[in-house]
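Down below is the structure, laid out as structure tokens.
The values are calculated or read from the model by the stated rules, or taken from the named source; none is laboratory data. Given the structure is predicted, the values throughout are model-derived calculations rather than measurements. Heads up, the Cβs are rebuilt from the backbone with ideal geometry, glycines too, and the neighbour counts pull from every protein chain shown. Protein only, heavy atoms only, side chains kept; ligands, DNA and RNA dropped before computing areas. Shrake-Rupley method; radii C 1.70, N 1.55, O 1.52, S 1.80 Å.
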Amino acid sequence: MRKRLVIGNWKMNMLKKEALELAQRLSELLSHLNQVDIVVAPPYTSLDVVYKVIHKTNIQLAGQNVFWEPSGAFTGEISPYMLIEAGCKWVIIGHSERRDILGEDDNMVERKIKASINAGLIPILCVGEKLDEREKGYTMKVIKSQIEKGLKNLNLADPNSIAIAYEPVWAIGTGKNATPEEAEAVHGFVRETLRKIFNGIADNIRILYGGSVTPENIKGLISSPDIDGALIGGASLRAESFAKIARLIGGMPHWT
Ligand code: PGA
């Protein structure tokens, strides 16, 4: 039985004061929700203030990125151990904004995944096709390649030591989300691909959907068998909407 998982990716938003207020409100709204694992990923500069608010609650902390070396002359980078010291248990790796805007490739993603797992962080590997790739019928090919390259030579015994997020690039921040049927087709394929890599434990690895998730569309998505939760950008910046999504993912009625 896979426990559902919801992650709020705050991206490059929230100065400390705003981050503090959002974390406080989320703690109030979500402190009794144990049916779902809840994670927030603030920018690096707000990790400490958010950690102080949430560390005694059920809300966990994630980094939005990481470097693969433990320390050294890598100006501007953050190591897995620095994230752990800041209170992180999780780290988002290979987000399409990093791949497309910052030039991150599958080889870098693979190194980041390995370094994170070795340090004790749980990586969330993001994969997803662009609009032209979908239109040309290359979706599954792109997803397979990103997963196989990102997880190359990785031996995993514990299915909870990693999660996958399927985020169609055309759905991120655009208001266009994949239909539950479109998302489930890819999630089922991700599961199949994981089975070929990890055999038995693949059935217990959580696969999240991401891309314009809202309180309105989450119900349809989460009722699909291979969608185990969501990675949420825009809607995670408002406490009420993130909390509503988390409650719906946890199978709770929302209160409005
Ligand atoms: P979005 O972002 O919910 O704003 O589309 C999702 C993501 O990039 O993880």
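Can you confirm whether Glu110 is away from the ligand (no atom under 16 Å from the Cβ) and over 19 Å from the mean Cα position of the chain (by Cα)? Taking the combined requirement at face value, the residue does not satisfy it.
Sort out which residues of the stretch 181-207 are hydrophobic (A, V, I, L, M, F, W, C) and touching a residue at least 40 places away in the same chain (Cβ under 8 Å), and write them in order of number. I'd like the intermediate steps shown before the answer.
Initial filter on the stretch 181-207 (hydrophobic (A, V, I, L, M, F, W, C)): 183, 185-186, 189-190, 194, 197-198, 201-202, 205, 207.
Once the filter is applied, which keeps residues that are hydrophobic (A, V, I, L, M, F, W, C) and touching a residue at least 40 places away in the same chain (Cβ under 8 Å), the stretch 181-207 yields Ala183, Val186, Phe189, Val190, Leu194, Ile197, Phe198, Ile201, Ala202, Ile205, Ile207.
For the stretch 200-214, name all the residues that are within 12 Å of the ligand (Cβ to nearest atom) and either part of a strand (DSSP E or B) or in contact with a His (Cβ under 7 Å, 6 or more places away or on another chain) (or both). Matches in the stretch 200-214: Leu208, Tyr209, Gly210.
Being touching a residue at least 24 places away in the same chain (Cβ under 8 Å), within 24 Å of Asn58 (Cβ to Cβ) and open to solvent by less than 50 Å² (accessible area, probe 1.4 Å) is true for just one of Ala115, Ala171, Ala178, Ala163. Which residue is that?
Details: Ala115 fails: within 24 Å of Asn58 (Cβ to Cβ); Ala171 fails: within 24 Å of Asn58 (Cβ to Cβ); Ala178 fails: within 24 Å of Asn58 (Cβ to Cβ).
Within the list Ala115, Ala171, Ala178, Ala163, the selection yields Ala163.
Look at Arg99 and say whether it is open to solvent by 40 Å² or more (accessible area, probe 1.4 Å) and either at pLDDT below 95 or among the basic types (Lys, Arg) (or both). I'd like the intermediate steps shown before the answer.
Working: open to solvent by 40 Å² or more (accessible area, probe 1.4 Å): no; either at pLDDT below 95 or among the basic types (Lys, Arg) (or both): yes.
No.
Restricting attention to the stretch 173-181, does a residue exist that is touching a Gly at 6+ places or on another chain (Cβ under 8 Å) and away from the ligand (no atom under 13 Å from the Cβ)? Among the residues of the stretch 173-181, at least one is touching a Gly at 6+ places or on another chain (Cβ under 8 Å) and away from the ligand (no atom under 13 Å from the Cβ), which makes the answer yes. Taking into account only those residues within the stretch 227-256 that are at pLDDT 95 or above, outside any helix (DSSP H, G or I) and within 30 Å of Glu192 (Cβ to Cβ), which is nearest to the ligand (Cβ to nearest atom)? Within the stretch 227-256, the match that is nearest to the ligand (Cβ to nearest atom) is Gly233.
For the stretch 217-234, state whether one or more residues are open to solvent by 10 Å² or more (accessible area, probe 1.4 Å) and without any contact (Cβ under 8 Å) to a residue 24 or more places away in the chain. Looking for residues that are open to solvent by 10 Å² or more (accessible area, probe 1.4 Å) and without any contact (Cβ under 8 Å) to a residue 24 or more places away in the chain, one finds none in the stretch 217-234, hence no.
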